[in-house]
Amino acid sequence: MPDVSQSEIGILPCPGGMIFAQKIHSHLESIAAEKIQERVAALSRLYKVPRSQLIRQINLATDILPSSGDLDEPVDQHRRRTYLVPAKYTRFPNGEFKTEILSSVRNAEIYVVQDVANRYPLQFQNSDAAQILSVNDHIFSLLVTVDAALQAGALQVTVVLPTFPYSRQHKKTGRESLSAARLGQILESFGVARIITLDIHSKEIENSFNHLRLENLHGAYQILKMLSTVVDLKDENLVVVAPDTGAVDRSKFYASILGKPLAMLYKERDYSRVAQSAEKGNITDMKLLGSVAGKTVFLSDDMLGTGGTLIKAMRVLKDAGARENICAVSLPFFTTTESVATFQKAHDDGLFHRIIGTNAVFHDDSVLNREWYLSADVANLFARIIYRLHYNRSLSSLLDDRSVIKDLLKRS
């Protein structure tokens, strides 16, 4: 029989997370179809029952289960699973949000998907004009959607946040807010059971929760798979460079798994200034620890905001004799409207060869069609995590991707 659970999976997207949720949904459908075909094939061999007859019996058993919902016809010899929860989203003229769920989610495990970094126009039910939401707007839209699911009787709510908002406010040096922790505590107080995110800026954020679980995913395999399309991963002239001290652990991982030397850039900042653009940053000095002369440099960071820090880093590396700069960023925000143009100019000036980002942050063709930008798909990783969580399976192999990366290196 297929994997059996007394509850159903429901993917409930917020407006900002609609594109990523649809990708997760598509991968979930493929995973479910793959799993049931594997199980049917195994049972058919074990009991010597024809596959078509076995599928009819499985469909009958599934329809009898109380949680099976309405009956439908088998498609392509297996039951088609639909996970996307329909909803109507309203934003009132005063800025308030409303989410209305259009199908039953009672006794379902609901995964609310939100991309708080989405800065593109979104359409709402009561407005003809598309609207661009701020991070704070996205957060409140998320809270309203979570509460709608809980009020509708969802068995459990998990929040899927590819970008964890306020994660850079995880420590204080003065009279500052610990906003990253407070946001998680707000979600916990709402009744959220778990948060799934990608490359959270600080692992210490998890320590501020009482019962809420945080699953911190890593897109290293997806990034290296994309990197392998533009450079030989076994090239002796490849060197890994940590763009700052905060990226040392991530860079050590890449250097270790690839068997490459590790260098580091040391930055001094003026924290009295807030970075406004790539040209107006708060870095006062940057020094290279290590050698990159004649090398292909691979830099890896978790976030790309205005891009000023990264461009300065690549300029320092070029001045130090680097042959080529390639950078991977898990969360490529391109925060300001000038950011993409600034990177285009830097590419034209020969500062870098490629930027590898992920689709954890939505971008349109104005970014995706740039010759220097490569997008790695991490939606499948989120889908597999959701599937395993639903059926209480181990997450270890997905949270630590060393084995699949080693397989990738063997194939390359």
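The values are calculated or read from the model by the stated rules, or taken from the named source; none is laboratory data. It should be emphasised that the depicted structure is a prediction, and the values quoted were computed from it without experimental measurement. Neighbour counts are summed over all protein chains in view; Cβ atoms, including those assigned to glycine, are modelled from backbone coordinates with ideal geometry.
State all residues of segment 222-271 that are among the aromatic types (Phe, Trp, Tyr) and closer than 15 Å to residue 317 by Cβ; if no residue qualifies, say none. Result: 266, single match. Here residue 103 meets each of (1) over 18 Å from residue 148 (Cα atoms); (2) modelled with pLDDT of 80 or more; (3) of a type in the set (Gly, Ala, Ser) with one exception, condition (1). Of everything in segment 92-108 that is out of contact with any Phe, Trp or Tyr (no Cβ under 8 Å at 6 or more places or on another chain) and in contact (Cβ under 8 Å) with a residue 60 or more places away in the chain, the residue that is nearest to residue 140 (Cα to Cα) is 101.
Across segment 154-182, the qualifying residues are those that are under 20 Å from the mean Cα position of the chain (by Cα) and of a type in the set (Val, Ile, Thr), and the one among them that is farthest from residue 110 (Cα to Cα) is 163. Of the residues making up segment 195-211, those that are touching a strand residue (DSSP E or B) at 6+ places or on another chain (Cβ under 8 Å) and part of a loop (DSSP other than H, G, I, E, B) are 199, 200, 201. Scanning segment 382-412 for residues that are surrounded by 13 or more Cβ atoms within 10 Å (Cβ to Cβ) and farther than 26 Å from residue 161 by Cβ yields 408, 409, 412.
Residues considered: 160, 116, 112, 146. Of these, the only one that is modelled with pLDDT of 95 or more, of a type in the set (Val, Ile, Thr), touching a strand residue (DSSP E or B) at 6+ places or on another chain (Cβ under 8 Å) and assigned to a loop (DSSP other than H, G, I, E, B) is 116.
Search segment 100-121 for residues being hydroxyl-bearing (Ser, Thr, Tyr) and within 23 Å of the chain's Cα centre (by Cα), and hand back the single one that is surrounded by the fewest Cβ atoms within 10 Å (Cβ to Cβ). This residue is 120. Pairing each residue of segment 157-172 that is closer than 11 Å to residue 195 by Cβ and in contact (Cβ under 8 Å) with a residue 40 or more places away in the chain with any residue that is part of a strand (DSSP E or B) and aromatic (Phe, Trp, Tyr), provided the two are 6+ apart or on different chains, yields C-beta distances under 6 Å for 158/111; 160/111.
Of the residues making up segment 212-234, one or more are part of a loop (DSSP other than H, G, I, E, B) and of a type in the set (S, T, N, Q).
The set of residues in segment 339-360 that are at pLDDT 95 or above and of a type in the set (A, V, I, L, M) comprises 346, 351, 355, 356, 360. The set of residues from segment 101-147 being among the basic types (Lys, Arg) and either out of contact with any Gly (no Cβ under 8 Å at 6 or more places or on another chain) or closer than 26 Å to residue 339 by Cα (or both) comprises just one member, 119. Looking at segment 329-397, the helices (runs of 4 or more DSSP H) lying wholly inside it that each contain 2 or more residues that are in contact (Cβ under 8 Å) with a residue 24 or more places away in the chain and either more than 17 Å from residue 307 (Cβ to Cβ) or of a type in the set (Lys, Arg) (or both) sit at 379-390.
Within segment 274-281, the presence of a residue that is buried (at least 22 other Cβ atoms within 10 Å of the Cβ) and modelled with pLDDT of 85 or more is excluded.
Please work out if residue 192 is among the hydrophobic types (A, V, I, L, M, F, W, C) and either under 24 Å from residue 407 (Cβ atoms) or in a helix (DSSP H, G or I) (or both). No.
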